[in-house]
Amino acid sequence: MQRATLDGRVDHRFQVSLRGVIDLLSHHLYSSPGVYVRELLQNATDAIRARQQLEPQATGAVGLELREKQDGGPPTLLFTDEGVGLTEEEIHRFLATIGESSKREQLEARRNDFIGQFGIGLLSCFMVCDELLVVTRSAKGDGRTLEWRGRHDGTYDVRVSEHPLDAPGTHVYLVARADMAEWFTPERVRQLAKHYGGLLPFPVRLTVDGQTETLNPDGPPWRRFYETPGDRRQALLAYGREVFGTDFLDVIPLRSEAGDVDGVAYVLPASPHFNAKQKHRVYLKQMLLSESAENLLPEWAFFVKCVVNANGLRPTASRESFYEDAVLAKAREALGQSLRKYLMDLAHEEPRALQRLIALHGLSVKGLALDDDDFYRLVIHWLPFETSLGVMTLADYRKSWPVVRYTPTLDGFRQVARVAAAQGLCVLNAAYTHDTALLEKLPHVVPEAQVAPFSSADLPQSFEELTLDEREAVYPLLRLAERVLAPFRCGVEVKKFFPAEVPTLYSSDAEGAFKRDAERAREESDDLYAGVLDGVMAGTGGQERALLCLNLHNPVVRRLAAMEGRELLKLSVEMLYVQALLLGQHPLNAQEMALLNHGLLGLISARLDEGGGGGGSSGPGSRGMH
């Protein structure tokens, strides 16, 4: 179609293929052909609401009647409503024009009264049938009953019906296409109508073989009256089991003034992956919108699944999720506050229940604590931590140790845990997700709290010093050990600590650990990168950053202190150094690997010499092996 403009241009209209639009709907917009039931339910309930604006005393109901043909042909589904109906002008304007909405004028004034806003929902019926018959009588018109017959090829006709309706309303007839008959069985129609319209405020009735049943007798279960809180909890848990097929731990009421949202959240019985996004069941004006809405709750709330109804949120074009806008953001924040309140109430009234919840959904609780200072104050002392003296809550820790000492890495904790425990020191393992950030936040939220990082370099400060006689006895060992370990930039001390079976402790500060890692990387790099690392290491200074502490409580160290054979003593110190590195989870560099190999062979040789192997302790074979 074209028309000429005043300046001589010719404007052309788009030529829209209805078949193409229907294909687009079925393959890209709607999740399955079954949404035709949802769209007809939606149109029917919107029509009832529109009539109530004209006649406030009007009530309404939605009817579905399945009619089987005697000749075995495809069944017919009849949808009826007691709504506002359509005039002839509205039929031409709205039923035959894609993109128009019969609610548009009303939406301008009362946007929240209706579910649909897009005027294309009726086209979903062409996914399951080739022809659509709409019989309607308008509450605003001249009392005539009109018929609109639309076909999937894009043609339609309108005429006065020979079978007038007794009252305003609309009847929609769908004859199943042969390949879509499965969507017209009694079981499927009942399931779809109850699924989408089970919470609608108007009665939805299904008639099959002359038998009529109401599919939504009770309304939203969270709005019903219950005799006791226990009855309410059990009823809502049973509803959650019916909806999701899961036995949940608890149920949480949800409410948001923004978007007029209410419903319930269910606490999952098992912890999902931290990055998992829960899919929620959401209703729009009490009709199912989606079972996979992901953007309704805060990201940290992955430990719950919810069922909610929203009266003031905007659906997307497919009507299977909500638009991201300011109203949705406010609603999400309010629903998050409902979850916070639930956890806060547990902390005050049922701390054991909170501990069980934390044990199951610890990551989520920790994430929320980092995000919210008030919630942090309530739960931080209930959080369990691994320590050098076993697992305990932060509250139990602070009862005995005023300073909260922690290691931020797992290797760091492994290096200190055993020795720290033997000294009576309790050190927290803060290597797990969020733990370090939670502990570092403690003095900012709880002013009297003291927190300090702890490493193996801090341990020698708690060790027992030697007596003067002990210092004199170990002096030769100390001097020799200092010379042996000087090439490794490692200092030596001799102290007494527990457990006695640990002969040495290797420790270094953060700069020393960095330097070790850089040296190891240099050995494995090409010349260019090695030069870069040389420059980096040159800036770290030349001070000793590592320390090997020998434990005089250990029998081996005491025997070494009394030993006079310098070669065997040197070999023993080298091996104790390598063992300390390995026990502390420190990777060996090339020089230390060579030391390990040399030391093992030397110790074997010394043992053979001592036992007379290889021709005697002074024989040439023994000398060669040594």
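Each reported figure results from applying straightforward, stated rules to the coordinates on display, with no laboratory input. Because the structure is a prediction, the values reported are computed rather than measured. Quick reminder, even Gly has a Cβ in these numbers, built from the backbone with ideal geometry, and neighbours come from all protein chains shown.
Here are some notes:
- Values of log10 I(q)/I(0) for the range 162-281 across q = 0.16, 0.20 Å⁻¹ run -1.01, -1.25, by the Debye formula with one identical scatterer at each alpha carbon and no solvent.
- Under a 5 Å amide H cut-off, with hydrogens placed 1.01 Å from N, Arg314 pairs with Tyr323 among residues at least 5 apart or on other chains.
- Separation of the Asn295 and Arg352 label points, Cα + 7 Å toward Cβ, nm: 4.4
- Put simply, the amide H of Glu493, placed in the peptide plane, has neighbours under 5 Å in Leu548, Cys549, Leu550, leaving out anything fewer than 5 places away on its chain.
- Note on Met593 and Leu468: with the Förster distance fixed at 41 Å, the Cβ-Cβ geometry gives a FRET efficiency of about 0.55.
- At R0 = 25 Å, FRET efficiency that the Cβ-Cβ distance of Lys330 and His195 yields, to 0.05: 0.30
- Label-to-label distance for Glu257 and Thr409 is 5.1 nm, based on points extended 7 Å past Cα in the beta-carbon direction.
- For the range 186-239, the orientation-averaged shadow of the C-alpha convex hull comes to 4.4 nm² (one quarter of the hull surface).
- Proximal lysines to Lys341, defined as alpha-carbon separation beneath 30 angstrom and excluding residues fewer than eight positions away on the same chain: Lys277, Lys279, Lys285, Lys305, Lys330, Lys366, Lys399, Lys441
- Gain upon complete extension [Thr433, Asp396; 0.36 nm per residue less C-alpha separation]: 11.2 nm
- Principal axis box of the range 352-459, alpha-carbon based, largest edge first, Å: 35, 29, 23
- Kirkwood Rh, angstrom, the range 424-506 [1 / mean 1/r, Cα pairs]: 16.1
- Loop GluC sites (Glu not before Pro), the range 550-609 (other Cβ atoms within 10 Å of the site Cβ: 13 or fewer; DSSP): Glu564
- Cut-off 19 Å (backbone N to label point 7 Å along Cα→Cβ of Asp209), residues of the range 177-203: 182-192
- Prolate/oblate/rounded label for the range 545-599 (Cα gyration tensor, a/c 1.5): oblate
- Karplus-derived 3J(HN,Hα), 6.51/-1.76/1.60, for each residue of the range 217-233, Hz, glycine and proline x: x, 10, x, x, x, 6, 9, 7, 8, 10, 5, 9, x, x, 4, 4, 4
- A full extension of the chain between Arg489 and Asp153 corresponds to an added length of 112.3 nm, given 0.36 nm per residue minus the alpha carbon distance.
- Under 5 Å, built H, 5+ apart or other chain: amide partners of Cys129: Arg177
- Note on Gln585/Tyr475: beta-carbon distance plugged into 1/(1 + (r/R0)^6) with R0 of 25 Å gives a FRET efficiency of 0.20.
- Dipole magnitude for the range 364-522: computed about the Cα centre from +1 point charges on Lys and Arg Cβ and -1 point charges on Asp and Glu Cβ, it is near 400 debye.
- Stokes-Einstein diffusion for the range 30-88, with the hydrodynamic radius set to the Kirkwood value over Cα pairs and evaluated at 25 °C in a medium of 0.890 mPa s, equals 187 µm²/s.
- Restricting the range 122-186 to trypsin sites (Lys or Arg not before Pro) that sit in a DSSP loop and have at most 13 other Cβ atoms within 10 Å of their own Cβ leaves Lys140.
- In sequence order, the range 601-607 has phi-based couplings of 5, x, 5, 4, 4, 5, 5 Hz under the Karplus curve 6.51 cos²θ - 1.76 cosθ + 1.60, θ = phi - 60°, and Gly or Pro positions carry x.
- Inter-label distance, Val445 to Asp231: 3.9 nm, where each label sits 7 Å from its Cα along the C-beta direction.
- Taking each residue as 0.36 nm, the span from Gln57 to Gln461 lengthens on full extension beyond its C-alpha to C-alpha distance by 137.0 nm.
- Within the range 147-184, GluC sites (Glu not before Pro) in DSSP loop having at most 11 other beta-carbon neighbours inside 10 Å: Glu162
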